[in-house]
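These notes are about the structure you will find just below.
The values are calculated or read from the model by the stated rules, or taken from the named source; none is laboratory data. Remember, it's a predicted structure, so these values are computed and weren't measured experimentally. All Cβ positions, glycine included, derive from the backbone under ideal geometry; neighbour counts span all protein chains shown.
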Amino acid sequence: MKPYWRTCGYRLGNFGDELVPHILRRAMGISHVEPASSFADADIVSIGSILSEIPHDFHGWVWGTGAMFYQAPVEVPRARVRAVRGLLSAHRLGYKPPALGDPGLLVDSILVPMDGPRWELSIVPHYADFNDEGLCRFLRRNPDVHVIDPCASVLTVLSEIKRSGAILSSSLHGLVCADAFGIPRQWVWLSDRLAGGDFKFRDYESVYGVVDPIPVMLPEGVPVSTLIAGCRAVDPQRVEAVRDGLVRAFPEELLDLDRASADVPELEFSEPPIAPPGGFTR
């Protein structure tokens, strides 16, 4: 199977996008995962805010990706759309597919190492916020708060999230993974650097019936205890319902294709080439 995700083919990237091959392998039981070099080469597009980037003539599967902007057109007449991230993406698409939700919720199927320190509160910044001045000041005032690097390896990020008592995140997948593990969390607004603003957060939260999620800020002098108290775990029954819908919506044809190719040696995706000059753009 050839999935496409935003940083597909590069060594350094955003952990949320890099969840794709892990989820296909661990949650869906796909034996053979070979990163697609482009949309044209892909069997399936999953995770990330790339729904509006899918070419008009793409005829593969779409499973859980989302739009990024309120007004971005989504025209994929030949694509077989099984799931998008939330109701806002479905609105951009023009119809509601069989399932809604972010497949990142299936990370609970990944075996995560739990050795190491634990923290009462960790912050998962979006990579655009990693060196934010306000965040750096907050961390200097509160040295016991842990910051999780969103460009670290998938297993490192998941392990650090799972070893945290509560999560603040300006990265959408920091929230998604906290929900998958049943950890109290809160969306935090650190800057205006994120393309699309609040769209993907509102889109994701819509699957839980949240119409207008409000992020917390990091004002001067706010006690860490107050931030922790403001974190909430999503109802596990709601999370499980979204998971079940995503699993049921996964294309059976791709599972059949994988079973049929069981004798084909698997290609390795863990050591792809380094990022291009200039890094990644979003």
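See the values below:
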{"quantity": "Unique residue being surrounded by 22 or more Cβ atoms within 10 Å (Cβ to Cβ), closer than 16 Å to Val176 by Cβ and touching a His at 6+ places or on another chain (Cβ under 6 Å) when the list is Gly16, Gly64, Gly48", "calculated": "Gly16"}
{"quantity": "Glu120, sole failed condition from (1) in the same structural domain as Leu254 (by TED's automatic domain parsing); (2) farther than 17 Å from Leu255 by Cα", "calculated": "(1)"}
{"quantity": "Answer residue from the range 138-155, given it is in contact (Cβ under 8 Å) with a residue 40 or more places away in the chain and not in a loop (DSSP other than H, G, I, E, B) and is surrounded by the fewest Cβ atoms within 10 Å (Cβ to Cβ) among those", "calculated": "Leu155"}
{"quantity": "Among residues of the range 175-208, those that are free of Cβ contacts under 8 Å to residues at least 60 places away in the same chain, assigned to a helix (DSSP H, G or I) and either of a type in the set (A, V, I, L, M) or farther than 14 Å from Ser49 by Cα (or both), counted", "calculated": "3"}
{"quantity": "Residue count for the range 32-61, restricted to those that are over 17 Å from Asp102 (Cβ atoms), among the aliphatic types (A, V, I, L, M) and part of a loop (DSSP other than H, G, I, E, B)", "calculated": "3"}
{"quantity": "Failed criterion for Glu220 (all others in (1) modelled with pLDDT under 95; (2) within 29 Å of Ala27 (Cα to Cα); (3) not hydroxyl-bearing (Ser, Thr, Tyr) hold)", "calculated": "(2)"}
{"quantity": "Flag for Leu218 being surrounded by 15 or more Cβ atoms within 10 Å (Cβ to Cβ) and in contact with a Ser or Thr (Cβ under 8 Å, 6 or more places away or on another chain)", "calculated": "no"}
{"quantity": "Given (1) more than 24 Å from His126 (Cβ to Cβ); (2) in a loop (DSSP other than H, G, I, E, B); (3) touching a Gly at 6+ places or on another chain (Cβ under 9 Å); (4) at pLDDT 95 or above, index of the condition Arg82 fails", "calculated": "(2)"}
{"quantity": "In the range 189-217, the residues that are touching a helix residue (DSSP H, G or I) at 6+ places or on another chain (Cβ under 8 Å), at pLDDT 95 or above and of a type in the set (Asp, Glu)", "calculated": "Asp203"}
{"quantity": "Qualifying positions in the range 89-106 - assigned to a helix (DSSP H, G or I), within 15 Å of Phe199 (Cβ to Cβ) and under 16 Å from the mean Cα position of the chain (by Cα)", "calculated": "Ser89"}
{"quantity": "Index of the failed condition, Val188 passing every other in (1) buried (at least 22 other Cβ atoms within 10 Å of the Cβ); (2) aliphatic (A, V, I, L, M); (3) under 28 Å from Arg25 (Cα atoms)", "calculated": "(3)"}
{"quantity": "Test: Ala128 is under 16 Å from Ser171 (Cα atoms), small (Gly, Ala, Ser) and surrounded by fewer than 23 Cβ atoms within 10 Å (Cβ to Cβ)", "calculated": "yes"}
